[in-house]
1. Is region A:5-21 home to any residue that is among the hydroxyl-bearing types (S, T, Y) and closer than 23 Å to B:R81 by Cβ?
2. Answer yes if at least one residue in region A:5-16 is touching a residue at least 24 places away in the same chain (Cβ under 8 Å), β-branched (V, I, T), within 14 Å of chain B (Cβ to nearest Cβ) and within 20 Å of A:F97 (Cα to Cα), and no otherwise.
3. Determine which member of the set A:G28, A:G51 is on the phi > 0 side of the Ramachandran plot and within 14 Å of chain B (Cβ to nearest Cβ).
4. When residues of region A:89-101 are filtered for being within 15 Å of A:H39 (Cα to Cα) and surrounded by 15 or more Cβ atoms within 10 Å (Cβ to Cβ), how many remain?
5. Can you tell me how many residues within region A:18-49 are more than 22 Å from B:N76 (Cα to Cα) and out of contact with any helix residue (DSSP H, G or I) (no Cβ under 9 Å at 6 or more places or on another chain)?
6. Could you tell me whether any residue of region B:83-102 is on the phi > 0 side of the Ramachandran plot and out of contact with any Pro (no Cβ under 8 Å at 6 or more places or on another chain)?
7. For residues that are more than 14 Å from every other protein chain (Cβ to nearest Cβ) and within 28 Å of B:D20 (Cα to Cα), scanning just region A:102-132, find the one that is surrounded by the most Cβ atoms within 10 Å (Cβ to Cβ).
8. Go through A:L110, A:L100, A:L35 for me and flag whichever is closer than 18 Å to B:Q31 by Cα and either of a type in the set (A, V, I, L, M, F, W, C) or in contact with an Asp or Glu (Cβ under 8 Å, 6 or more places away or on another chain) (or both).
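The values are calculated or read from the model by the stated rules, or taken from the named source; none is laboratory data. All figures in this text were calculated on a predicted structure; none of them were measured in a lab. No Cβ is skipped: glycine too gets one built from the backbone with ideal geometry, and neighbour counts run over all protein chains shown.
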There are 2 protein chains.
Amino acid sequence: MAELNTTARRIIEAPNNLADLVTLMPDGSPQVTPLWVDHDGAHVIVNTAQGRQKTRNMQRDPRVALCIVNSDNTQNYVQVRGKVVEVVEGGPAWEHFKTLVAKYRPGDDLSQRQPDLSRVMVRILPEHVQVYGE
Amino acid sequence: MAELNTTARRIIEAPNNLADLVTLMPDGSPQVTPLWVDHDGAHVIVNTAQGRQKTRNMQRDPRVALCIVNSDNTQNYVQVRGKVVEVVEGGPAWEHFKTLVAKYRPGDDLSQRQPDLSRVMVRILPEHVQVYGE
């Protein structure tokens, strides 16, 4: 595994930086989508929903890549290549989604909302990390 | 092939939007990097340099994907899956690079600079285009 250094963590933690997540289609060609991102120190964590193309792709092939650009300075970015090591569904994935809403859309109050049990939390182990513009 | 509609073109043309370009490593795993982007109406065009990982990847496997997010509204983005159909090196690639500098860094004057003949212009035919937040 590869380490998420201080700069990588800072870019991931900033509430205005999206990740572009790459997954592999059934034929091996790549697919890329922007989404909210998080980390737990060792893993990059994303949250998606059941039935989506990227979710199906990660359930079939764990190889992924991410790029997270510092929106305040686009020369400063982190590239990650790694593997999906955990897929969490249901209540815990909804709880994690709420932490992402609090980070990216602090105005939204989901506390009274019905849990969206289609949420899927995905933990990615970085195998290759490169930080540019440190 | 798939069409780059008006919204897709507008996102690509804006001088503050980078593309995340995905290429495939020799083992089939994905690699993703941010870079400047352009189009000619039918193709998405990027400019890189010889010897870089993404250049080697595209020369070996033409399957790529791009995601370009509107930096003024991150809910508005275009996803492209497609194939490299042309790789141009040398002088013409340097000329194209200069148009990207004029777009993204209008203050930089490269007219007096020695041409960087390691530049590589890559034309990508979109096979799948999705625009979100139109």
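1. There is no residue in region A:5-21 that is among the hydroxyl-bearing types (S, T, Y) and closer than 23 Å to B:R81 by Cβ.
2. Yes - at least one qualifying residue is present in region A:5-16.
3. Working: A:G51 fails: within 14 Å of chain B (Cβ to nearest Cβ).
Checking each option against the conditions leaves just A:G28.
4. Final tally of qualifying residues: 6.
5. So the first thing to find is which residues in region A:18-49 are more than 22 Å from B:N76 (Cα to Cα), and the list is A:24-29, A:39-45.
Then keep just the ones that are out of contact with any helix residue (DSSP H, G or I) (no Cβ under 9 Å at 6 or more places or on another chain); that gives A:27-29, A:40, A:42-43.
Final tally of qualifying residues: 6.
6. Residues of region B:83-102 on the phi > 0 side of the Ramachandran plot: B:90.
The next check asks that each one be out of contact with any Pro (no Cβ under 8 Å at 6 or more places or on another chain); those that pass are B:90.
Checking region B:83-102: at least one residue is on the phi > 0 side of the Ramachandran plot and out of contact with any Pro (no Cβ under 8 Å at 6 or more places or on another chain).
7. Keep residues of region A:102-132 that are more than 14 Å from every other protein chain (Cβ to nearest Cβ), which gives A:102, A:106-107, A:109-123.
Okay, now just the ones that are also within 28 Å of B:D20 (Cα to Cα), so A:102, A:106, A:118-123.
Values: A:A102: 14, A:P106: 9, A:S118: 15, A:R119: 22, A:V120: 23, A:M121: 22, A:V122: 26, A:R123: 20.
Filtering region A:102-132 for residues that are more than 14 Å from every other protein chain (Cβ to nearest Cβ) and within 28 Å of B:D20 (Cα to Cα), the one surrounded by the most Cβ atoms within 10 Å (Cβ to Cβ) comes out as A:V122.
8. Values: A:L110 fails: closer than 18 Å to B:Q31 by Cα; A:L100 fails: closer than 18 Å to B:Q31 by Cα.
Going through A:L110, A:L100, A:L35 in turn, just one is closer than 18 Å to B:Q31 by Cα and either of a type in the set (A, V, I, L, M, F, W, C) or in contact with an Asp or Glu (Cβ under 8 Å, 6 or more places away or on another chain) (or both): A:L35.
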